[in-house]
Amino acid sequence: MTATEASKEHPHLTPLTLWIMTIATGLVVANIYYNQPLLADIAHTFGITDKKAQQLSLFTQIGYACGLLFIVPLADMVKRKQLILLDFILVIFALLVSALASSILVLTIAGFLLGLSSIIPQLLIPMAAHLAKPHERGKKLGFVMSGLLIGILLSRTLSGFIGQHFGWRSMYYIATGLMAAMWLMIFFFLPEVQPDYKGNYKKLMHSLIHLIKTQPKLRMASFRGALCFAGFSAFWTTLVFLLKQPQFNEGSAAAGAFGLVGAFGALAAGLMGRLSDKMNPYKLSGYTLLLVLISYVIFYFSSSSIAGLIIGVIVLDMGVQATHISNQSIIFALIPEARNRLNTVYMVSYFVGGASGTFLASLLWNNYGWTGVCAIGGGLAFIALVAHFVNYKANVRN
């Protein structure tokens with residue numbers, strides 16, 4: 001193979017490519033979270049209860065988990081850029097249907113499709129790991145993950161503002177335009193990555209089971225991630241309803257503004273990328289899980305305090321995002337040639353946890369209010385911390 005051929009098969013991760021991947025990651029993942037500050041407005045539009053409206057967020061996250069399971073592994077079988085461009089088309093279609101939805105049923109179906117197709121970040125992150133030089137991998141992953149985390153958090157700020165001033169449908173129209181612009185950027189500037197896997201789709205999916213059985217570090221990272229994101233989703237799904245209560249009497253814009261506060265947690269992503277190359281990621285995860293637990297103690301005592309909620313959001317997002325980076329650093333180091341499938345197992349677990357947290361929070365909010373939400377979030381963080389500690393001691397002994 002000539003040097004030119006090798007370069008074509010394994011292009012370099014240039015600064016332009018890295019920025020495009022980071023921006024695309026942030027904008028696409030935002031699609032999943034736009035609806036959270038808008039749920040009360042959507043409930044009013046269709047004349048439904050808050051609990052019914054919360055199902056939109058639940059089915060969007062379920063759709064995302066399905067996309068992670070059934071679409072992301074294809075990145076090992078087909079050309080990566082080609083798969084991403086096709087997926088963008090489905091994203092644009094789902095956003096348009098959401099904007100035009102005439103009922104909560106249509107909006108929920110569109111939400112599922114939007115979640116299903118918004119898995120592009122989970123194609124780009126392993127791609128960044130593949131293209132990066134080994135000694136810079138943690139740094140580059142941290143950079144791309146910063147885009148993802150900022151997209152998650154600022155999506156709520158943007159949608160809350162747009163929803164309050166222009167109506168919730170406007171947010172979906174704006175998102176459609178953003179996705180069309182990103183399709184063009186990807187088409188013209190993203191390099192192609194050739195597939196590595198030579199088997200068929202059935203064997204590819206069976207290999208996921210093999211990875212789960214043979215990789216205990218993957219199982220533990222998936223468990224930690226699922227519990228952390230369950231608590232994270234429980235908080236963000238119910239925050240808008242807490243803020244509408246008499247002690248605050250705020251709207252969707254206020255709920256979205258908390259995303260600006262949470263963006264401080266995203267600043268931890270770059271640092272975690274560097275620390276994961278220098279520090280034992282298992283030890284690091286113990287500290288970050290403790291932050292998540294502490295955040296729910298703060299939330300419990302802040303049901304009538306904006307200042308307390310702000311402090312809790314900063315601590316929560318730092319803990320959850322740092323744990324996520326640490327988990328991915330662990331799994332991407334296991335089997336380099338299976339990074340997409342390792343990421344599939346981890347991220348499916350992660351977003352099944354998120355969907356479960358949304359579901360549990362909706363039940364507890366209706367029956368026990370903010371105390372119930374804090375109980376489930378803190379309880380999940382405590383379980384994750386105990387499981388991590390037991391697993392860490394077992395690894396030290398072995």
Select from region 194-240 the residues that are part of a helix (DSSP H, G or I) and of a type in the set (Ser, Thr, Tyr) and list them in ascending order. Tyr201, Ser207, Thr214, Ser222, Ser233, Thr237, Thr238
Just give me the residues in region 19-55 being modelled with pLDDT of 90 or more and of a type in the set (Asp, Glu), in sequence order. Asp41
From Leu239, Leu271, Leu267, Leu275, residue being modelled with pLDDT of 80 or more and either under 18 Å from Ser295 (Cα atoms) or hydrophobic (A, V, I, L, M, F, W, C) (or both): Leu239
Just the residues that are surrounded by fewer than 24 Cβ atoms within 10 Å (Cβ to Cβ) and hydroxyl-bearing (Ser, Thr, Tyr), please, taken from region 159-174. Ser170, Tyr173
Being closer than 20 Å to Ser285 by Cβ and β-branched (Val, Ile, Thr) is the filter here; which residues of region 336-376 pass it? Val345, Val348, Val352
Matching residues, region 83-104, being aromatic (Phe, Trp, Tyr) and surrounded by fewer than 21 Cβ atoms within 10 Å (Cβ to Cβ): Phe93
Going by what's in this entry, would Leu58 be described as modelled with pLDDT of 95 or more, open to solvent by 10 Å² or more (accessible area, probe 1.4 Å) and among the aliphatic types (A, V, I, L, M)? no
Might you check whether a residue that is assigned to a loop (DSSP other than H, G, I, E, B), modelled with pLDDT under 85, farther than 30 Å from Ala132 by Cα and not hydrophobic (A, V, I, L, M, F, W, C) occurs anywhere in region 375-398? yes
How do the pairs read when you match residues in region 105-132 that are surrounded by 24 or more Cβ atoms within 10 Å (Cβ to Cβ) with residues anywhere that are β-branched (Val, Ile, Thr) and not in a helix (DSSP H, G or I), using Cβ under 6 Å and keeping only pairs 6 or more apart or on different chains? Ile119/Ile71
In region 96-154, the residues that are modelled with pLDDT of 90 or more and not in a helix (DSSP H, G or I): Ala101, Ser102, Ser103, Ser118, Ile119, Ile120
Given the criteria among the aliphatic types (A, V, I, L, M) and closer than 14 Å to Asn31 by Cβ, does Leu116 qualify? yes
Given the residues Leu342, Leu380, Leu360, Leu334, which is the only one that is over 14 Å from Leu227 (Cβ atoms) and open to solvent by 10 Å² or more (accessible area, probe 1.4 Å)? Leu334
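The values are calculated or read from the model by the stated rules, or taken from the named source; none is laboratory data. These numbers come from a predicted model, not from an experiment. Ideal geometry is used to build each Cβ from the backbone, glycine not excepted, and the neighbour counts take in all protein chains shown. Remember, those area values only see protein heavy atoms, side chains included, never the ligands or the DNA or RNA. Shrake-Rupley method; radii C 1.70, N 1.55, O 1.52, S 1.80 Å.
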